[in-house]
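Let me begin by presenting the structure, written as structure tokens, before commenting on it.
We did not get these values from a lab; they are worked out from the coordinates using the rules stated. Please read these numbers as outputs of a predicted model, since none were measured by experiment. So basically every Cβ, Gly included, is an ideal-geometry build from the backbone, and we count neighbours across all protein chains shown.
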Amino acid sequence: MRNHLGDDSWRLLNRLRQNIQEPPKGLGARQTRELLEEDLMLMAAFSGLSNETMPHHQGWLFFDIGRHLERVLHTLDLFKLAFITARNPGLPLWEVVLTLTDNLTAYRRRYRSALHPTAIIDLLLFDEGNPRSVGYQLRRLQRNIGRLHRSVSSTYRNAEERLILEAFTTLQLADIEALATLSHDSTRSSTELSRLLDALHTPLSSLSDALTHSHFSHAEVPRQLITMQP
């Protein structure tokens with residue numbers, strides 16, 4: 001790792017490690033929140049430096065794939081919690097979803113209206129121009145996976161390419177009209193959303209294992225060096 005990160009990135013990591021491993025004792029609620037906010041800013045700065053300064057070779061591709069795969073899975077889990085399994089869905093929880101995904105300002109700028117679940121789904125599921133949306137994450141994952149080196153040349157899609165294509169196609173073929181009336185008391189649209197989230201989560205949850213098997217598995221088939229005569 002030392003050969004891939006610049007001095008500024010290491011300074012950020014050292015500061016972050018110090019904050020996490022050696023936090024000041026006796027912090028109150030306000031001081032703890034300020035420390036956590038500083039940690040978030042350090043992580044955001046590290047992410048930006050990694051994207052701007054690391055050479056975009058194979059190592060960076062795996063780094064970027066892992067980051068966006070984790071983000072899209074967390075976004076799907078957040079959607080399911082907020083719109084499907086929540087005991088008290090509604091405006092406060094929808095605002096939390098936008099805040100956690102850093103999209104509250106983007107929502108207000110675009111829609112200029114009160115929060116509505118259908119608009120939130122449009123912004124965070126289907127809008128490929130929004131860097132925090134599921135559609136953008138899938139598009140980026142598909143592009144980066146396609147740039148990975150293959151150990152065996154083949155005209156057929158490998159496991160990870162099939163999985164990301166399945167997820168991306170599922171989102172592209174989603175029934176928008178069935179989701180258009182989503183609200184906390186709409187059973188049909190909630191069922192459609194739950195089905196869509198599960199259909200996206202299934203291939204994506206297998207993607208990491210497929211990448212590991214294709215690129216990080218060092219197991220070799222045993223070979224017999226000599227032939228033993230009976």
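Things worth noting here:
- A run of the chain free of exposed loop cleavage sites, with chymotrypsin sites (Phe, Trp or Tyr not before Pro) counted only in DSSP states other than H, G, I, E and B and at most 14 other beta carbons within 10 Å, reaches its longest extent at 1-155.
- Positive end of the dipole of the stretch 56-215 (Cβ unit charges, origin at the Cα centre): among 159, 148, 86, the Cα lying farthest that way belongs to 148.
- According to the calculation over all Cα-Cα pairs in the chain, the P(r) per 10 Å bin from zero is 6, 25, 28, 24, 12, 3, 2, 1, 0 %.
- Ascending count of other beta-carbon atoms within 10 Å, so fewest first, for 33, 110: 33, 110
- Residues 194, 113, 50, arranged from fewest to most other Cβ atoms within 10 angstrom of their Cβ, appear as 113, 194, 50.
- Note on residue 157 and residue 99: their simple-model spin labels are 3.9 nm apart, each label 7 Å out from Cα toward Cβ.
- Distant-in-sequence amide H partners of residue 127 (H built 1.01 Å from N, under 5 Å): 135
- Sorted by Cβ density within 10 Å, fewest first, the residues 80, 25: 25, 80
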